[in-house]
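Everything below concerns the one structure shown next.
The values are calculated or read from the model by the stated rules, or taken from the named source; none is laboratory data. Being a predicted model, the structure only gives us computed values, none of them experimental. All Cβ positions, even for glycine, are placed from backbone atoms using ideal geometry, and neighbour counts span all protein chains on display. For accessibility, only protein heavy atoms count, side chains too; no ligands or nucleic acids. Shrake-Rupley method; radii C 1.70, N 1.55, O 1.52, S 1.80 Å.
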Amino acid sequence: MGKPADQIGEAPAEDGRRKRGDQSRRKIVEAMIALVREGEMSPSAAQVAERASVGLRTVFRHFDEMEILYREIAEVTRARILPALLKPYVGLTWQENLNELSARRSAIYEDIMPLKVAGSVLRFRSPFLMEGYNEHLRMERKTLKQVLPDNLVEDRELFRALEMVTSFQAWRRLRQDQGLGVGEATRVIHRLVAGLLPASASL
């Protein structure tokens, strides 16, 4: 027995609405990311709507609270950086892998710096962003431990110093506060890392 006449075409209509909704959601997230990358650290819903070419009501309909929008952005950023962050190291020695870690982080930090800075501005009033910030710190610590020999990891002060100079905070300070170019900032990080290591473990 076939469907009643008034039900015919319901599924395609529903699918169409869902598809349009997904497209609007994606456009809103992309607009937010673009605005942040251009230097607007805390875009308003109106700015997002204008950039995404959608109505203000559409922004609010998809994201009742701006924190939900930041959650979407965090997921996009995470998917973007995780493959590079977790890619296996190929050096024959831990020194080579430490050099690779430093260079890899420089590239990642340069790519996500506007989004990280925007998150830093807002994280103190957003539990989700604060947890994301802490998760990033844990990831930095974990990946650094993976490339260092045990004796250097067990040297608590040395490990904390290496964690600091290879952190996003150090990269942001060099690039934004000191105004260094990417190449010069990368060389400074390498020099700091090399200077911290004992002579027996030099790069």
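One table, with the values for the structure above:
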item	result
For segment 33-162, average projected area of the Cα convex hull in nm²	9.0
Percent accessible area from carbon and sulfur atoms, segment 94-203, protein chains only, probe 1.4 Å	52
Efficiency of FRET between Asp150 and Leu82 - r from beta-carbon atoms, R0 25 angstrom, step 0.05	0.45
Lysines whose Cα lies under 30 Å from that of Lys27, excluding same-chain neighbours fewer than 8 positions away	Lys19, Lys87, Lys116
The chain, accessible area per residue, ligands and nucleic acids excluded (1.4 Å, Å²)	60
Förster radius 25 Å - calculated FRET efficiency between Gln178 and Glu75 (Cβ-Cβ, nearest 0.05)	0.20
Dimensions (Å) - segment 51-111, Cα atoms, principal axes, largest first	56, 17, 13
